[in-house]
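Remarks on the structure that follows.
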Amino acid sequence: MLNVNVDQRILEACPQLKIGLIKATVVNADTCDALWDELLAEADAVKRTYELLAINQRPAVAATRRLYKSLGKDPGRYRVASEALCRRIIRDLGLYRLTALIDIVNLVSVKSGYPISGLDFDKIVGHTLTLGVGEAGEVYNGIGRGMLNIEGMPVYRDALGGIATPTSDEERTKFTLDTKTVQININGFGPEMDMDETVALTVQLLKKYAQATDIETTILTF
């Protein structure tokens with residue numbers, strides 16, 4: 001399991017911070033019908049529960065948005081990934097059917113409200129991740145977004161640089177069909193779904209749909 005350090009600025013803004021960490025050996029594949037049906041069912045639950053303008057009031061989303069504001073980042077322009085996914089669902093824009101690992105993360109994020117960093121463990125450099133604050137001019141290629149301005153955004157860095165934010169993970173460490181080991185960080189900047197339950201659900205889905213073995217989990221509190 002990787003070590004995770006957290007910048008004092010984030011701890012001061014998020015006194016209830018919890019981070020669920022999961023490492024596992026997996027087999028990735030295209031999303032099967034059963035997983036897709038689970039994701040669509042959770043999407044239907046979101047549509048029944050929330051109106052579009054209320055999504056940013058979900059406790060986990062609201063806490064992450066407050067963190068952005070405290071660091072000087074506009075959460076309306078740089079949306080939290082869980083918020084953006086739920087907004088897409090409510091607006092009937094449809095979901096992209098991707099791979100098992102990506103859609104497991106999306107399912108848990110939709111259900112919990114937490115932004116989740118899904119990383120290919122073998123592409124992470126070093127043994128420590130530091131959750132800090134993005135700096136001006138920092139190079140960061142968001143998945144499917146190109147260069148992303150992460151100044152003032154919470155960002156996980158490995159020994160080479162930024163690899164994950166609540167808005168988008170980085171291309172360098174993204175899941176692919178060749179991913180053999182996952183590092184999943186469930187970012188509870190404020191409480192919504194119980195973190196133990198969220199980690200357990202993620203592990204259950206990894207076992208069911210990605211043949212997960214050698215599973216390690218921990219929950220960091222500060």
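The local environment of Ala41, defined by Cβ-Cβ distances under 13 Å, has a net charge of -3 under the rule Lys, Arg +1 and Asp, Glu -1.
Look at the alpha carbon pairs under 8 Å that are at least 6 residues apart: their mean separation over the length of region 1-157 gives a relative contact order of 32 percent.
In the context of the full set of protein chains, the chain has a per residue accessible area of 45 Å² (1.4 Å probe).
Just add up the charged neighbours of Thr217: K/R +1, D/E -1, any other residue whose Cβ is under 11 Å from the Cβ of Thr217.
Numbers: positive: Lys23; negative: Asp196, Glu216.
Neighbour charge sum, excluding Thr217 itself: -1.
Pairwise inverse Cα distances across region 136-222, averaged and inverted, put the Kirkwood hydrodynamic radius at 14.9 Å.
Residues whose amide H falls under 5 Å from that of Ile163, counting only those 5 or more places apart or on a different chain, are Tyr156, Arg157, Asp158, with hydrogens built in the peptide plane. Dividing the summed -39500 (n - 2.57) terms of all DSSP H runs of n ≥ 4 by the residue count of the chain sets its mean residue ellipticity at 222 nm at -10500 deg cm²/dmol.
Overall, the chain carries a charge dipole of about 520 debye about its Cα centre when +1 sits on the Cβ of Lys and Arg and -1 on the Cβ of Asp and Glu, all other atoms neutral.
Could you check how much of the accessible area of the chain is carbon and sulfur, as a whole percent, using a 1.4 Å probe? Within the chain, the accessible surface is 48 percent carbon and sulfur. One entry in (1) 13.3; (2) 10.7; (3) 12.4 is mean projected area of the Cα convex hull in nm² calculated from the shown coordinates; its label is (2).
For Asp44 and Arg145, calculate 0.36 nm times their separation in residues minus their Cα-Cα distance, and state this gained length in nm to one decimal.
Details: separation 101, 0.36 × 101 = 36.36 nm, distance 2.68 nm.
Residue separation times 0.36 nm, minus the Cα-Cα distance, leaves 33.7 nm.
The values are calculated or read from the model by the stated rules, or taken from the named source; none is laboratory data. Not measured: the values here are computed from a predicted model. All Cβ positions, glycine included, derive from the backbone under ideal geometry; neighbour counts span all protein chains shown. Calculation scope for accessible area: heavy atoms of the full protein, side chains included, ligands and nucleic acids excluded. Shrake-Rupley method; radii C 1.70, N 1.55, O 1.52, S 1.80 Å.
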